[in-house]
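First comes the structure, then the notes that go with it.
Computed from the coordinates by the stated procedures, all read-outs in this text should not be read as laboratory data. Note that the coordinates shown come from a computational prediction; the quantities given were computed from them, not determined experimentally. Cβ atoms come from the backbone with ideal geometry, glycine included; neighbour counts cover every protein chain shown.
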Amino acid sequence: MSESNATPAQLSNGRGDQPLRVRDAPVAYVVSAVALAAAFVALLWVPSYAHATPTLGGFPFFYWYSLLWLLLNAGCQLLAYQLLVAGPRRRRSRRGVT
Amino acid sequence: MNLDGVALAVAILLFAFVAVLGFAAARWRRLGELATLDEWGLGGRSFGGFVTWFLLGGDLYTAYTFVAVPGAMYALGAVSGWFAVAYTILVWPIVFVLMPRLWSVAHRHRFVTPADFVTGRFGSRTLGLAIAFTGILSLMPYIALQLVGIQSVLDAMGVGSGSSSFVRDLPLIIACVVLAAFTYTSGLRAPALIAFVKDLLVYVVVLVSVIYIPIKLGGYGHIFAAAKAHGDQAAAAAKAAGTKPTFAFLPSAKSYWAYATLALGSAMALFMYPHSVTGVLASKHRNTVRRNTVALPLYSLMLAFVALLGFMAIADGIKTTNSRLAAPLLFRDVFPSWFAGVAFAAIAIGALVPAAIMSIAAANLFTRNIWRDFIRPNATPQEEATVSKIASLVVKFGALAFVLGMNTQNAINLQLLGGIWILQTFPSIAVGLFTRWFHRWALLAGWLAGMVYGSYEAYGVSSPTVNHFAGATASIPIIGDNGYIAVTALVLNLLVAIVLTLVLRLSPATRGRDVTAGDDYLVDVDEGLVPELGLAGTAKR
């Protein structure tokens, strides 16, 4: 629709090989998408965990399972961040490109 | 309730310290003139990962967490209370996907508000106006919730009980004036700086609560058993009286939809709120926010344990018909006076920070998208900042009206009501970040349909004690079970927008001009700004 000041080539100069689009790193994007979607499936599928048992440390299943997904989701986000941002940045600096 | 002098003294001392800090913040990390909107309203866009973490966490950790969620757990149980845990987990993946794009495009085009983005993206000031209006409207009950939080603390300390309503409301008015004054002078820097103190207090109080109280009450197993027994009792009583049970220890088959839609709708709504966007745009780099989402679930974990304070209040035998007092009364019952004072200060200050951020965000919306776009297109940056400061005062009065005009016992409804409205901006903002497929007029019509339907449904929800706005769930058409009205309204909104877009595409001339380009959604801080193309009255920058 409108004009951009920076061409894609200019943009990629600035950030080395950071994958900004799906086509730059399809595998990383697909894995990240699945990781980020997992918590939605788990937590919105309420009948799968609206039970009292088994309990853990006094917590009914419903309650500790929610907390478990809190941790799992944080891990998934870490994975996605590594795949899409931190990993490529590390590789770039290892190659000595700034 | 009798007055707790020690707790009150400790709370007032901490509150006064924070107020002084708020005024001092005007001088903190200041580079440019405070008299511009970028400085006053976005802290100069200079916040790194650490400050951003506190600021975004501050958006989540509000009176909502300490008063509304435990209150809902205490009075209603798992469905209306614990859904907040699922909600605050699911919000972070959404932030991870959406917010870097919004940051980039806002950075490139110097957008301050979500409505700026929509105006630029769809070439429609009218759509921008709708987004701005919705933002301001939905922030008012959310700010009101913060005031209710402060009020609950005062009630629990026994301040002004039994005296005239003016004396009872006086401390709240004083707190409101302090809040208004330091926001006016320091802008976003005030809540950003206070957020440190607030979080320190909150962490201490939460850690002590979740360890000390369960030990005192005989462990989590006992707490859950007491909540379950309470639920069984309430169900038996409801059956005997021929009414529907209100307390749920676990979601039942009838409430799966309610639980899931409350969690999903709230998660989708949180970062459509202008104050959340403010926190994102004030960060220094594109990926500051994304990196933060890995650590931000720590706030969600805290929220989960704070939610359980509601069950702890049940186990402790706290009896109140005013559920928003559940957590404060529990604190007063189990803690020594001086620590109860610290806890009360944490809640009050925890309400102050988000209330300040929210009123700044609402003020920015008014200035940029109503004042500048429609009333004074040639306003100077100094004028914009002045108008914002005044608007931030007006918004607080609007919030006060919600406190006085609505039943605030189920405080969580205030936040859910705001969510119904703000979620209707999702197609324009969130979907707009990825595609311009929707026609601007279709988005406007969908928004209107969602707003009208959502407000009408929420107005119709009654309870034995309240006639209107008593809850945020209503029967979902076709499915039949109850669900969060915000989500039902969003589905209607999207359906209208899709159908009308297909029709309006027949007339391509009406599509409007997009000032953003594909790469604008991907740039980082070192890649330059675009002069504000096409937005009225901004060529001067």
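How high is the relative contact order of chain B, given as a whole-number percent (alpha carbon pairs under 8 Å, six or more residues apart)?
Over chain B, the number comes to 31 percent.
Considering the dipole of chain B built from charges on the beta carbon (Lys and Arg +1, Asp and Glu -1) around the Cα centre, which of B:510, B:136, B:77 is farthest to its positive end?
Of the options given, the answer is B:510.
Taking the Cα-to-Cβ direction at residue B:383 and at residue A:55 and moving 7 Å from each Cα, how far apart do the two end points lie in nm?
6.7
Sorted from largest down, give the three principal axis spans of the alpha carbons of the stretch B:212-262, whole angstrom values.
That works out to 36, 30, 13 Å along the principal axes.
Can you pull out the chymotrypsin sites (Phe, Trp or Tyr not before Pro) in the stretch A:52-95 that DSSP calls coil and that have at most 11 other Cβ atoms within 10 Å?
Of the chymotrypsin sites (Phe, Trp or Tyr not before Pro), not one in the loops of the stretch A:52-95 has a Cβ with at most 11 other Cβ atoms within 10 Å.
Specify whether the C-alpha gyration tensor of chain B places it in the rounded, prolate or oblate class, a ≥ b ≥ c being the square roots of the eigenvalues: rounded for a/c under 1.5, otherwise prolate if a/b is larger than b/c and oblate if not.
It comes out oblate by the Cα gyration axes.
Just need the relative contact order of the stretch A:21-94 here, percent rounded to a whole number, with Cα pairs under 8 Å and 6+ apart.
38
Please report the base-10 log of the normalised intensity I(q)/I(0) for the protein assembly as shown, using a Debye sum with one equal scatterer per alpha carbon and no solvent, at each q in 0.12 (1/Å).
-1.30
Just for the Cα atoms in the stretch A:21-94, what are the lengths along the principal axes, largest first, rounded to whole Å?
Each principal axis gives a Cα extent; for the stretch A:21-94 these are 49, 23, 11 Å.
Quote to one decimal, in nm, the extra length available between residue B:321 and residue B:204 on full extension: 0.36 nm per residue of separation minus the C-alpha distance between them.
39.3 nm
Determine ³J(HN,Hα), in whole Hz, for all residues of the stretch B:251-262 in sequence, where each value follows from phi through the Karplus function 6.51 cos²θ - 1.76 cosθ + 1.60 and θ = phi - 60°; x replaces Gly and Pro.
So the Karplus estimates, Gly and Pro as x, are x, 9, 3, 6, 10, 4, 5, 4, 4, 5, 6, 4 Hz.
Between residue B:237 and residue B:170, with labels modelled 7 Å along Cα→Cβ, what's the label distance in nm to one decimal, could you check?
So the two model labels end up 3.7 nm from each other.
Hand me the tally of lysine pairs in chain B: alpha carbons under 30 angstrom apart, and the pair either on different chains or 8 or more positions apart.
Value for chain B: 20.
Just from its helices, what would the mean residue ellipticity at 222 nm be for chain B, if runs of 4 or more DSSP H residues each count -39500 (n - 2.57) and the sum is divided by every residue, rounded to the nearest 500 deg cm²/dmol?
-22000 deg cm²/dmol
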